[in-house]
Each structure stands twice: as C-alpha cells, then as structure tokens.
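Have a look at the structure below before the remarks.
The values are calculated or read from the model by the stated rules, or taken from the named source; none is laboratory data. Everything numeric in this text was worked out from a predicted model, so none of it was measured. For neighbour counting, all protein chains shown are included, and Cβ atoms are generated from backbone atoms with ideal geometry for every residue, glycine included. We work out accessible area using only protein heavy atoms, side chains counted, and drop any ligands, DNA or RNA first. Shrake-Rupley method; radii C 1.70, N 1.55, O 1.52, S 1.80 Å.
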Amino acid sequence: MKVNQNKEVILSMVSEGANLETASYNELYLVKKLWEQNSFLPSIRVICNGPKTREYLELIEELQGKNLKIIPVIEDTNELEFFSKYKGELGVRVDLDVKVTSHWDKKINRYGLTTDEVLKMKKIRNLCLIHYHVGSQVEHMHDLMTPLKKCFKIYAELKKHNPSLDTIDIGGGMPIPYDLQKRYGFEGLARKIIRFLQSKADKYDIPHPNIVCEWGRFMVSPAQVTIYKVIGEKKIIHGNAKKWQVINGSFMNDLPDTWTIHQRWHVVPVNHLNYSGRKLIRSWVAGSSCDSDDKYTANGTYVLLPNLEYLPEGEAQYIAFLSTGAYQDSLACNHCLLSSPAKIVARNGEIKVAVRRQTPDDITKLFGW
Ligand SMILES: Cc1ncc(COP(=O)(O)O)c(C=O)c1O
C-alpha cells in the first residue's frame with residue numbers, strides 16, 4: 001500500500017485476489033476501514049512492515065483479534081518484547097547485507113535484524129514468515145536471485161527450530177520499463193525463483209516454502225498516466241533541446257521522482273499524434289512553479305513533442321507521462337501553492353472524476369488559512 005493508496009487501485013487489486021502489505025499505522029487504518037466495510041474476501045492476508053509505533057502495534061493486535069489474517073513482521077529488536085506476547089502469526093525481517101544495482105542501493109541498510117541476531121534467537125514464537133527487501137527497480141535479475149539464495153540458508157536454519165515457518169517474503173524490486181528498455185521478464189524471474197526454492201527445499205528435505213512478493217512498483221505503475229496541458233513554449237539557446245514546453249502542472253509537485261531521483265518517463269503527445277518531421281520539436285518540459293529544478297529533460301537529452309507553431313488555431317496540446325502510478329501521489333506536494341491535478345478514473349469506457357483538482361481554498365486550508 002505504500003506504493004499507491006488510491007481507492008480505485010487498491011480495490012481493483014484486492015478484487016483480483018491480491019494480498020496487502022502496509023508500512024505504517026495510517027495504511028493499516030485504511031485496511032481496517034476496508035475490513036469493516038466487508039470490502040475484501042476474508043482469505044486476504046495483510047503483512048505489516050515498517051517501524052512499529054505504539055498505535056501501529058495496537059491496531060495490529062486489534063485486527064488480529066477480529067480474525068483478519070494479519071502477519072506483523074518484526075523489524076527491530078525493540079519490537080521483540082511486544083511480540084513475545086502476541087497471539088497471531090509473526091514474520092521477521094532480516095537485513096541480508098547484499099548490495100544490488102538500483103537507485104536505492106544504500107551503503108548501510110537500517111531495516112531489519114542482522115543475520116546473526118535472527119539466528120541467535122533460534123526459536124521465535126508463532127514464526128511463519130521470513131522477509132527481506134533489497135531495493136526497488138532492481139536492474140539485473142541476478143541481484144534478485146543472490147539475496148534469495150542467502151535468505152534460503154537462513155530459512156532452512158530457522159526451520160529447524162520453528163516448524164511453523166513456511167513462507168519466504170522476497171520484498172519488492174521487480175522493475176518496470178520506464179525508459180522502454182525491458183530488463184528481464186516477470187515470468188522468467190518467477191519461474192527461476194520457484195525452481196530454485198523447489199530444488200533447494202527438496203535437497204534439504206523440507207516442504208516447499210510459500211512465496212510472497214511485494215512487487216509494488218511493478219503492479220501499480222501502469223495503473224496511472226499523468227496528463228498535462230502545454231500552456232506555452234520558449235526557445236532554448238544552448239542545450240540538446242530547441243524549446244521548453246511549459247505545462248499547467250509541476251514535476252516537483254506531481255511527479256517528484258523526476259527531480260529527486262532523475263526518473264525517466266515515457267512521454268507522448270495525447271493529441272496531434274500524426275505530426276512528424278518539422279512539426280515535432282526536440283523539447284524539454286518545464287513545470288509552472290518558480291523553481292529551476294521543476295523540469296523534465298529526459299536526463300539532459302530531450303523528448304520529441306508537437307511544435308506549438310503548427311497547432312491549428314484555438315487548439316490545445318496535451319502530453320502524457322506514462323506509468324506514473326507508483327509512489328508519486330503520496331510524495332506529492334504543493335510548492336508555490338500549485339494545485340494537484342484532478343484524478344480521473346477510466347474504466348470499461350466510462351470516465352469519472354474521482355478527486356477534483358484542488359481549489360485555492362483546499363490548498364490554503366493546508367497552511368492554516
Ligand atoms: C519492505 C518493502 N517492500 C516492498 C517495497 C516495494 O518495492 P517495489 O515498489 O520496488 O516493488 C518496498 C519499497 O520501498 C519496501 O520498502
């Protein structure tokens with residue numbers, strides 16, 4: 001749920017049989033609301049990751065008492081005391097100390113218990129799951145297989161003392177082709193993971209483990225497209241592109257990964273698609289905040305977009321940024337007090353406004369006015 005909390009996305013996923021993973025009290029609070037409205041099947045499992053505040057722990061306990069299939073994952077030694085008295089199934093997160101090629105390849109991981117800490121505990125009451133997470137948008141398939149191999153060894157060791165342990169949760173990381181360069185396929189990776197775990201479990205003479213994937217970005221990125229109107233253009237004197245196309249929105253606000261991690265997006269015109277040759281122009285796209293970082297330059301290259309000079313009189317140009325359904329909405333902000341875009345749901349040929357564009361009153365209220 002940390003990847004996309006929009007109701008239409010969550011409900012569609014859940015109705016297709018997805019389980020859920022939360023990272024905070026407020027995300028679990030949403031699950032509680034769904035549970036109380038009978039919005040999902042009783043068989044759905046909820047895994048609770050992330051540092052546990054007192055209110056998060058209490059809500060986990062409350063929902064476990066209401067028979068939700070909830071599995072909190074021990075993240076830190078300071079959670080051990082609380083979970084030593086917990087009645088439901090438990091997971092443990094292990095920091096595998098593996099480095100992978102991805103934007104998020106941090107030198108020092110601050111999540112989970114070390115392998116030594118986990119193995120020293122030997123018996124963990126009601127343990128059913130071992131979890132790790134090595135990064136997001138992981139570039140090479142072997143970077144997802146190496147940690148799995150390491151985790152299996154710990155799983156097999158823990159299984160000796162914890163017969164209830166039956167699940168390996170491999171976290172997130174499956175990439176999506178934002179730049180249209182397909183790195184590796186979902187099916188190939190899934191097959192490799194299953195074959196590896198089957199053959200290893202057979203070798204160790206233990207049952208095949210259940211597998212949980214938290215491939216959030218992969219699941220929800222394609223669920224959203226961000227559309228802007230071009231409100232003007234400006235010549236670029238020195239640069240790889242010839243013109244700025246200025247939009248009625250902001251990268252810093254609406255697609256913050258653009259400036260924080262230099263995310264590349266697939267950008268396409270929404271209308272005037274039959275333009276070619278000189279009617280297209282090498283463009284950089286400028287957000288309409290007053291910030292010089294508010295831009296999309298495809299990392300210093302350019303995007304080819306219709307040249308406004310050739311637009312028929314009175315017509316507007318719209319452009320779309322594809323696969324923007326992961327992380328952007330919950331990171332979004334209101335720099336320069338610009339309004340967040342409306343959210344429009346298109347389903348089976350029907351269009352409905354799910355959230356209207358923020359009004360000046362909506363925004364100024366956020367600042368106490
Ligand atoms: C514990 C955990 N699981 C899953 C994910 C989702 O990762 P991704 O969106 O790359 O699949 C994250 C992302 O930060 C995470 O921290």
Problem - Hits among lysines - C-alpha to C-alpha of K66 under 16 Å, sequence gap 8 or more where chains match - result: K32, K33, K87
Practice task
Using DSSP to define loop residues, name the trypsin sites (Lys or Arg not before Pro) in the range 10-92 whose beta-carbon has at most 13 other beta-carbon atoms within 10 Å.
Solution key: K66, K85, K87
Practice task
Of the options I194, Y204, W215, report the single residue whose Cα projects farthest towards the positive end of the charge dipole of the range 186-237 (beta-carbon charges: Lys, Arg +1; Asp, Glu -1).
Solution key: W215
Handout entry: Extreme residue, positive dipole direction of the chain, given options A298, Y56, T359 (C-beta unit charges)
Key = A298
Practice task
Can you tell me how much longer the chain between A316 and F367 gets when fully stretched, taken as 0.36 nm per residue apart minus their C-alpha distance, in nm with one decimal?
Solution key: 15.0 nm
Exercise for the section: Specify the inter-centroid distance of the range 1-70 and the range 116-151, based on alpha-carbon positions, in whole Å. Expected result: 22 Å
Practice task
Using DSSP to define loop residues, name the trypsin sites (Lys or Arg not before Pro) in the range 276-369 whose beta-carbon has at most 16 other beta-carbon atoms within 10 Å.
Solution key: R356, R357
Problem - Spin-label model distance (nm) - N240 vs A354, 7 Å beyond Cα toward Cβ - result: 3.3 nm
Problem - Only Lys, Arg (+1) and Asp, Glu (-1) charged, at Cβ; the chain dipole about Cα centre in debye - result: 720 debye
Practice task
Count charges around L80 for me, please; just the other residues with Cβ under 14 Å from its Cβ, Lys/Arg as +1, Asp/Glu as -1.
Solution key: +2
Completion exercise
Carbon plus sulfur, as percent of the 1.4 Å-probe accessible area of the range 224-366, comes to 53 percent
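Using unit Cβ charges (K, R positive; D, E negative) and no other charged atoms, how large, in debye to the nearest 20, is the dipole of the range 7-221 about its Cα centre? Can you show the working numbers first?
Working: 32 positive and 29 negative charges, 115 e Å.
It comes to approximately 560 debye.
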Handout entry: Taking N as its residue count, the alpha carbon Rg of the chain over 2.2 N^0.38 Å
Key = 1.13
Handout entry: For the chain, share of DSSP beta bridges that run antiparallel, in % to the nearest 5
Key = 50 percent
Completion exercise
Sparse-neighbourhood loop hits (trypsin sites (Lys or Arg not before Pro), the range 143-205; DSSP loop; Cβ within 10 Å at most 16 others) -> K182, R183
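Counting DSSP beta bridges in the range 231-369, what percent are antiparallel, to the nearest 5?
80 percent
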Exercise for the section: Report the paramagnetic label zone for R347: residues of the range 208-227 whose backbone N is under 20 Å from a point 7 Å from Cα along the Cα-to-Cβ axis. Expected result: 219-227
Practice task
Of the listed pairs K69/K150; K150/K192; K2/K85; K99/K295; K52/K365; K2/K149, which have alpha-carbon separations greater than 23 Å here?
Solution key: K69/K150; K2/K85; K99/K295; K52/K365; K2/K149
Exercise for the section: For the range 183-196, just list the computed ³J(HN,Hα) in residue order, Karplus coefficients 6.51, -1.76 and 1.60, θ = phi - 60°, integers in Hz, with x standing in for Gly and Pro. Expected result: 8, 7, x, 4, 5, x, 5, 4, 4, 4, 4, 5, 4, 4
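Before rounding to the nearest 500, sum -39500 (n - 2.57) across all DSSP H runs of length at least 4 in the chain and divide by the residue total; then give [θ] at 222 nm in deg cm²/dmol.
Helices in the chain give a 222 nm mean residue ellipticity of -8500 deg cm²/dmol.
Under a 1.4 Å probe, what is the accessible area of the chain per residue, stated in Å²?
Heavy-atom accessible area per residue stands at 54 Å².
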